[in-house]
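Every read-out reported here was derived from the displayed coordinates using simple, explicitly stated rules and does not represent laboratory data. All figures in this text were calculated on a predicted structure; none of them were measured in a lab. No Cβ is skipped: glycine too gets one built from the backbone with ideal geometry, and neighbour counts run over all protein chains shown.
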Amino acid sequence: MSYPRREDVDSIEGILNAIYEIISGPAGPRDWDRERSLFAPGALLQPARPTEDGSGRIRDVFDIEGYIASRTPFFAANDFHEVEVSRRVDRFGSIAHAWSQYEGRRTADGEPFLRGVNSIQLFHDGDRWWIVSMVWDNER
């Protein structure tokens, strides 16, 4: 398959749907080349996680390759489906911001075992949409 897929990058809806499709599925490999095609050069992926003592949150910061390396072992060993349950998008000209609420499930229609929100910043270069930054946190 040649990347990027036009249906992934021609619209905000397409690129947001693609990020959920890519990481969702049974245990095994993910289509990381498709994932790479969504992110602008220099894009950052920044999950929040609890501090070691549980008293607060810290933010990890990855480029796309760091993110892929950090998540590949989990996806290789676990069935995981991240299902978007709501979305709000604000757009001005060539920039957009999406708030995307999700649930993590073991199967696409299974019971959620986690919930969270993705904050996604996007840029349109006149030809396509790019993800320039993502920050997310899971419900506590």
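Against the conditions (1) among the hydroxyl-bearing types (Ser, Thr, Tyr); (2) more than 18 Å from Ile15 (Cβ to Cβ); (3) over 15 Å from the mean Cα position of the chain (by Cα), Thr72 satisfies every one except (3). Of all residues in region 94-111, those satisfying the criterion of being without any contact (Cβ under 8 Å) to a residue 24 or more places away in the chain, more than 16 Å from Ser11 (Cα to Cα) and within 17 Å of the chain's Cα centre (by Cα) are Gln101, Glu103.
Arg87 falls short on exactly one of the conditions (1) of a type in the set (D, E, K, R); (2) farther than 19 Å from Ala18 by Cα; (3) touching a residue at least 60 places away in the same chain (Cβ under 8 Å), and that condition is (2). Those helices (runs of 4 or more DSSP H) of region 1-45 in which at least 3 residues are over 13 Å from the mean Cα position of the chain (by Cα), considering only elements entirely within it, cover 6-9.
Is it the case, given these coordinates, that Arg49 is touching a helix residue (DSSP H, G or I) at 6+ places or on another chain (Cβ under 8 Å) and not hydrophobic (A, V, I, L, M, F, W, C)? So Arg49 does not fit the description; no.
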